[in-house]
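A.B. asks: My questions will all concern the structure given below.
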């Protein structure tokens, strides 16, 4: 199991046609609020290169209490309201148990 996270989730978000950039902006703004969620250890978004309406999101949490705190956080609640009018359907969520993670630093130029 990962030394930094006990719980993870992979989410697939399908936006309404033409709204992916707006959803990515909203998620980027949300990422800036995560200092208020110390149990959220990783939050990553990516645009699907094969589908212009799909976004992938990966989250990791320190423990079960951190997951519950995430769902209760005011910014998460606001995010759900903001995304409601931008997504074609509810996000598909796949809970996962993180095992190994390695992030290499970007070499200085």
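No value in this document is a laboratory result; all are computed from the given coordinates. In this text the structure is predicted, and so the values were computed from the model without any measurement. Note that we place each Cβ from the backbone using ideal geometry, even for glycine, and neighbour counts take in every protein chain shown.
A.B. asks: Please build a GNM for the chain, connecting alpha carbons under 10 Å apart, and tell me which residue among 95, 17, 49 fluctuates the most.
C.D. replies: Greatest mean-square fluctuation among the candidates belongs to 49.
A.B. asks: In degrees, nearest 10, range 0 to 90: what is the angle between the Cα axis of helix 20-31 and the longest Cα principal axis of the chain?
C.D. replies: With rounding to tens, the tilt is 30 degrees.
A.B. asks: Of the listed peptides 69-79, 96-106, what is their order by residue-averaged count of other C-beta atoms within 10 Å, with the highest listed first?
C.D. replies: Packing order, densest peptide first, comes out as 69-79, 96-106.
A.B. asks: For the chain, what's the relative contact order in percent, using C-alpha pairs closer than 8 Å and at least 6 residues apart?
C.D. replies: 45 percent
A.B. asks: Between the stretch 82-100 and the stretch 15-66, how many Å separate their Cα centres?
C.D. replies: 9 Å
A.B. asks: Which of the following values of Cα extents along the principal axes in Å was calculated from the structure shown: (1) 51, 33, 24; (2) 40, 30, 27; (3) 40, 39, 26?
C.D. replies: Of the listed options (1) 51, 33, 24; (2) 40, 30, 27; (3) 40, 39, 26, (3) comes from this structure.
A.B. asks: Counting other beta carbons within 10 Å of each residue's own, what order do 37, 89, 109 fall into, fewest first?
C.D. replies: If I rank by nearby Cβ atoms, fewest first, I get 109, 89, 37.
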